[in-house]
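Engineer: Can you read through this structure? Questions will come right after.
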Amino acid sequence: MEQKNWKWHRFNSSDDVKKMQQSINVDESQFIREWLSEIKSNKSNSIKIELINDEYYLLKGALVYDQNFNDEREYKIFHFYLTTETFITVDLDLSLFKNSDIEQMLRHIRNSKNSIDGFLLILKEILAEYLVKIDVFEGELRELVWGIHNKNKTSILEKIYKRRHELLVWSNLLIPINELIMAIEEIYLDVIHNNKIFMRTDKRIKRALYLINEYEHEVDSIINLEEVISSHRGNEIMKTLTVMTAIFTPVMAWGALWGMNFKFMPELEWKYGYFVSLLIMTISMVSVYVYLKMKGWTGDLLKGKKKGAFFK
C-alpha cells in the first residue's frame, strides 16, 4: 500500500521470508533483511529501537494483540518495522477486528501523512477492540459482585479468581502497547508534536489501563471480603463446636461414670435412678449453658444465618 510520502508493506504470513525480501526495495533493505530473519524466532512481545544514522530512527519488534483467556498457546502476534518512510507488518490479521469498519480503517491509513500515523491508527483500532471486550468483562464483574451478596458459595471463589486471571491477561496485553506508544513518542517526538492521532491513541490506552486498574482494585476488594467472610465463618464454626462440646461434656462425664463396671455402685439399685440420672445430666447441661451465656461466650453463635447477609 503506497501513499504520497511513505509505503506500507503488509504481509499476511511470515512463512515466505524470501518473497518478502524480494518485494521490498528500499534504502534500508539491509536492516529489513536482518529484521525478517528474526521474525520466525520471535514469539513474544518485543520492542527495539535502532539508530540508522544521526537523525533516522528505526522501531521494530512484535506485539501480541489477541489472546485466548483459557489457553496460553492460542494467541495472535504480528511483527512490525517502522521508520518515517517505511512501515511493514507481518501476520497482522485484520479480520479479528470484529467491531471495526476495516474498509474505513484502511482508507484512513491510506490518507495518513506518514507511516507513524498509519501505525498509530492500527494500535487505536486494537485498543477499540479491547475496550469493547472490557465492557463485557464489566458486566460479568457486576454479576459477580451481586452473586456474592445473594448466594455466596464456594463456587463463587472460582469465578472470582477467574476474573482476576482475566485482568492479569488484560494487563499483559495492554502494557506492551503502552510501552510501544511511549517508544513512538520517544523517537518521533518532532513528528507527533500536536498530532491528534497520537493524542487520541495515547488517551485510549490510558483509558483502558485506568479501567483495568480500577477493576483490579474492585476484584481485590472482593477477594479481601471473601477472605474476611471465610475467616469469620470458620471462626464461628469452631466457636460453635467448642460451645456444643462444653454443653454436652456433663452428659459424657456422667455417662462415663455410670458406665463403669465396679461391683458396688449404689445408684444402680435405686428405684428412680434412671430418672435421677437424666435430671442430673439436664441440670448440668443447662448450668454450663447458663454459665457460658452469662460470660458472653455464646453470643449469636447458635443463631441461623439470614439469607442475603454476610455475617448474620
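Engineer: Once you put a point 7 Å from the Cα of Val228 and another 7 Å from the Cα of Lys40, both along the Cβ direction, what distance in nm separates them?
Structural biologist: About 5.7 nm, to one decimal.
Engineer: Given the convex hull over the Cα atoms of region 206-276, what projected area results after averaging over all orientations, in nm²?
Structural biologist: On the way: hull surface 28.6 nm².
Reported value for the Cα convex hull: 7.1 nm².
Engineer: Quick one: P(r) of region 40-194 from all Cα-Cα pairs, 10 Å bins, percents rounded to integers, in order of increasing distance.
Structural biologist: Bins of 10 Å from zero give 9, 34, 30, 16, 8, 3, 0 percent of pairs.
Engineer: Which value, in debye to the nearest 20, gives the size of the charge dipole of region 116-197 about its Cα centre, when Lys and Arg are +1 and Asp and Glu are -1 at the Cβ? Please report the intermediate quantities before stating the final value.
Structural biologist: Working: 10 positive and 13 negative charges, 144 e Å.
Here the size comes out at about 700 debye.
Engineer: Are there any helices in the chain, counted as whole DSSP H runs, that stretch 30 Å or more along their axis by Cα and score at least 1.0 on average by Kyte-Doolittle, and if so which? Provide the component values of the computation, followed by the final result.
Structural biologist: Working: long enough: 115-150 (53 Å, 0.59); 154-187 (51 Å, 0.34); 196-258 (92 Å, 0.02); 273-295 (33 Å, 1.33).
Helices passing the filter in the chain: 273-295.
Engineer: Once ligands and nucleic acids are excluded and a 1.4 Å probe is used, how much of Asp66 is accessible, expressed in Å² to the nearest 10?
Structural biologist: Here the residue's solvent-accessible area equals roughly 40 Å².
Engineer: Given R₀ = 45 Å, FRET efficiency for Met199-Ile156 by Cβ-Cβ distance, to 0.05?
Structural biologist: On the way: r = 42 Å, r/R0 = 0.92.
For Met199 and Ile156, the calculated efficiency is 0.60.
Engineer: Sticking with this one: Under Stokes-Einstein, with the Kirkwood radius over Cα pairs standing in for Rh, what whole-number D in µm²/s applies to region 162-260 at 37 °C and 0.692 mPa s?
Structural biologist: On the way: Rh = 18.7 Å.
It diffuses with D of about 175 µm²/s by this estimate.
Engineer: Size of the dipole of region 221-287 about the Cα centre, Lys and Arg at +1 and Asp and Glu at -1 on the beta carbon, nothing else charged, in debye to 20? List each step's numbers first, then the result.
Structural biologist: Details: 4 positive and 5 negative charges, 51 e Å.
Using only the charged Cβ atoms, the result is roughly 240 debye.
Engineer: Where the convex hull is taken over the Cα atoms of region 129-203, what is its projected area averaged over directions, in nm²?
Structural biologist: For region 129-203, the mean projected area of the Cα convex hull comes to 6.0 nm².
Engineer: So what does log10 I(q)/I(0) come out to for region 34-78 at q = 0.16, 0.21, 0.30, 0.32 Å⁻¹, using the Debye formula with one equal point on every Cα and no solvent?
Structural biologist: For region 34-78 at q = 0.16, 0.21, 0.30, 0.32 Å⁻¹, log10 I(q)/I(0) is -0.53, -0.75, -1.08, -1.14.
Engineer: While we're looking at this one, here's another question. Residues with amide H under 5 Å of Lys7's amide H, sequence separation 5 or more or different chain, H placed in the peptide plane at 1.01 Å from N; which?
Structural biologist: Excluding prolines and chain starts, which carry no amide H, the hits are Thr86, Phe87.
Engineer: Here's something else I'd like to know. So, taking all protein chains as they sit and a 1.4 Å probe, how much accessible area belongs to Thr83, in Å² rounded to tens?
Structural biologist: Looks like 0 Å² after rounding.
Engineer: Towards the positive end of the charge dipole of the chain, with charges on Cβ (+1 Lys, Arg; -1 Asp, Glu), say which of Gly234, Ala246, Ile205 has the farthest Cα.
Structural biologist: Farthest along the dipole direction, towards plus: Ala246.
Engineer: A further question on this structure: Between their Cα atoms, which of Lys40/Lys76; Lys48/Lys133; Lys7/Lys40 are more than 20 Å away from each other?
Structural biologist: Details: Lys40/Lys76 13 Å; Lys48/Lys133 29 Å; Lys7/Lys40 23 Å.
From the list (Lys40/Lys76; Lys48/Lys133; Lys7/Lys40), the Cα-Cα distance tops 20 Å for Lys48/Lys133; Lys7/Lys40.
Engineer: Let me ask something else about it. Where does the chain land at 222 nm, in deg cm²/dmol rounded to the nearest 500, when only DSSP H runs of n ≥ 4 count, each adding -39500 (n - 2.57), divided by all residues? Intermediate results must be reported in sequence, preceding the final value.
Structural biologist: Details: 7 runs with 183 residues, N = 312.
Value at 222 nm, helices only, nearest 500: -21000 deg cm²/dmol.
Engineer: Treating region 64-140 as a set of equal point scatterers at the Cα positions, no solvent, please give the Debye-formula log₁₀ I(q)/I(0) at q = 0.14 Å⁻¹.
Structural biologist: -0.52
Engineer: Still on this structure: Once fully extended, how much extra length lies between Leu209 and Trp146, figured as 0.36 nm per residue of separation less the alpha-carbon to alpha-carbon distance? Before the final figure, lay out the partial values.
Structural biologist: On the way: separation 63, 0.36 × 63 = 22.68 nm, distance 2.45 nm.
Separation in residues times 0.36 nm, less the Cα-Cα distance, equals 20.2 nm.
Engineer: Under a plain spin-label model, where a point goes 7 Å from the Cα along Cα-to-Cβ, how far apart in nm are Glu50 and His217?
Structural biologist: Reported label-point gap for Glu50 and His217 is 4.3 nm.
Engineer: Placing unit charges on C-beta atoms (Lys and Arg positive, Asp and Glu negative, everything else neutral), compute the dipole magnitude of the chain about its Cα centre in debye, rounded to 20. Numbers along the way, then the final one.
Structural biologist: Working: 42 positive and 43 negative charges, 382 e Å.
With Lys and Arg at +1 and Asp and Glu at -1, about 1840 debye.
Engineer: Then there is this: Quick check for you: with a 1.4 Å probe and neighbouring chains kept, what is the accessible area per residue of the chain, in Å²?
Structural biologist: On the way: 19470 Å² over 312 residues.
Value returned for the chain: 62 Å² of accessible area per residue.
Engineer: Please work out which option in (i) 25.4; (ii) 19.1; (iii) 21.4 gives Kirkwood radius over Cα pairs in Å calculated from these coordinates, and answer with its label.
Structural biologist: Checking each listed value against the structure points to (i).
Engineer: Let me ask something else. Under 19 Å from a point placed 7 Å out from the Cα of Asn111 along the Cα-to-Cβ direction: which residues of region 123-142 have their backbone N that close?
Structural biologist: Under cut-off, by backbone N: 123-126.
Engineer: Using +1 at the C-beta of Lys and Arg and -1 at the C-beta of Asp and Glu, which of Phe275, Leu189, Gln30 has the Cα lying farthest in the positive direction of the dipole of the chain?
Structural biologist: Phe275
Engineer: Also, quick follow-up: Using a 1.4 angstrom probe on heavy atoms only, work out the carbon and sulfur share of the accessible area of the chain in %. Walk me through the numbers before you get to the answer.
Structural biologist: Values: 10530 of 19470 Å².
Whole-percent figure for carbon plus sulfur exposure: 54.
Engineer: How many times 2.2 N^0.38 Å is the alpha carbon radius of gyration of region 237-288? All intermediate terms of the calculation are to be shown ahead of the outcome.
Structural biologist: Working: Rg = 13.4 Å, N = 52, 2.2 N^0.38 = 9.9 Å.
Ratio of Cα Rg to 2.2 N^0.38 Å: 1.35.
The values are calculated or read from the model by the stated rules, or taken from the named source; none is laboratory data. Remember, predicted model here, so these are calculated numbers, not experimental data. Every residue, glycine as well, gets a Cβ built from its backbone with ideal geometry; the counts of neighbours run over all protein chains shown. SASA here: full protein model, heavy atoms, side chains in, ligands and nucleic acids out. Shrake-Rupley method; radii C 1.70, N 1.55, O 1.52, S 1.80 Å.
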